[in-house]
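Remarks on the structure that follows.
Rule-based calculations on the coordinates, nothing more; no lab input. Note that this is a predicted model, so its numbers are computed, not measured. FYI the Cβ positions are ideal-geometry reconstructions off the backbone, even for glycines, and counts take in every protein chain you see.
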Amino acid sequence: MVFQILQPKNAKEFQKMTQGREKVMVSGFNEEINRMAVESKKVSMLVSPERGFGNDRMDARNSGLNDVLCKLAAKNGVAIGVDIDELLQLHQDARIRRLGKILQNVRLCRKYHVKMVLVDGKGRNEKDLKSFGICLGMQPGVEVVRC
């Protein structure tokens, strides 16, 4: 099954894009979009919640998720997705920073029992993707979704 990922930039766009749809996948962009996505019953997956967060603070990493958002995602059945294509397009330093944020999100999702999914658009080998997910700390039965 192939899905389309919505990419809203603000709350108004989010409302307009999700209106009249049953289940959607939303690409993370900022704190407002991430919060609206995990609170909504219409959203089935939040893809790359760490995407819009560039620099980290001095004492903590800003990964787009926190304990409150993870609890809401678990309660509303919203899965958190890791976009493999987007990760592979980054340059070396940016990829290293993004992987650190993904690792933090994986720890949070495991702690609060939020479903994690790998999102692939190029048709890569599913076993390789699942192995990568396990290396990141995801559960062995991690699901791969094609977009």
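General remarks:
- Beta bridge orientation in the stretch 71-147: antiparallel %, DSSP, nearest 5: 0
- Here is how the number arises for the chain: DSSP H runs of 4 or more residues each give -39500 (n - 2.57), the sum is divided by the residue count, and the result at 222 nm is -13000 deg cm²/dmol.
- Residues of the stretch 130-147 with amide N under 14 Å of a point placed 7 Å along Cα→Cβ from Arg107: 136-138
- Length-normalised contact order for the stretch 5-146 - Cα pairs under 8 Å, 6+ apart - percent: 19
- Taking amide hydrogens as placed 1.01 Å from N in the peptide plane, the amide H of Ala79 sits under 5 Å from those of Met45, Leu46, each at least 5 positions away in sequence or on another chain.
- Sorted by Cβ neighbour density within 10 Å, fewest at the top, the residues His91, His113: His91, His113
- Distance in nm between pseudo-label sites at Lys75 and Lys12 (7 Å out along the Cβ direction from Cα): 2.9
- Across the stretch 81-87, coupling constants 3J(HN,Hα) worked out from phi with the 6.51/-1.76/1.60 Karplus curve, θ = phi - 60°, read x, 10, 7, 5, 4, 5, 5 Hz, and Gly and Pro carry x.
- Farthest positive-ward along the chain dipole, Cα basis, beta-carbon charges - from Phe29, Leu108, Gly52: Leu108
- Among the listed values (i) 11, 40, 30, 15, 4, 0; (ii) 12, 44, 37, 7, 0; (iii) 12, 40, 33, 13, 2, 0, the one matching P(r) over Cα pairs in 10 Å bins from 0, in percent as calculated from this structure is (ii).
- Spacing of the two label points (7 Å from each Cα toward its C-beta) at Lys41 and Gln4, in nm: 2.4
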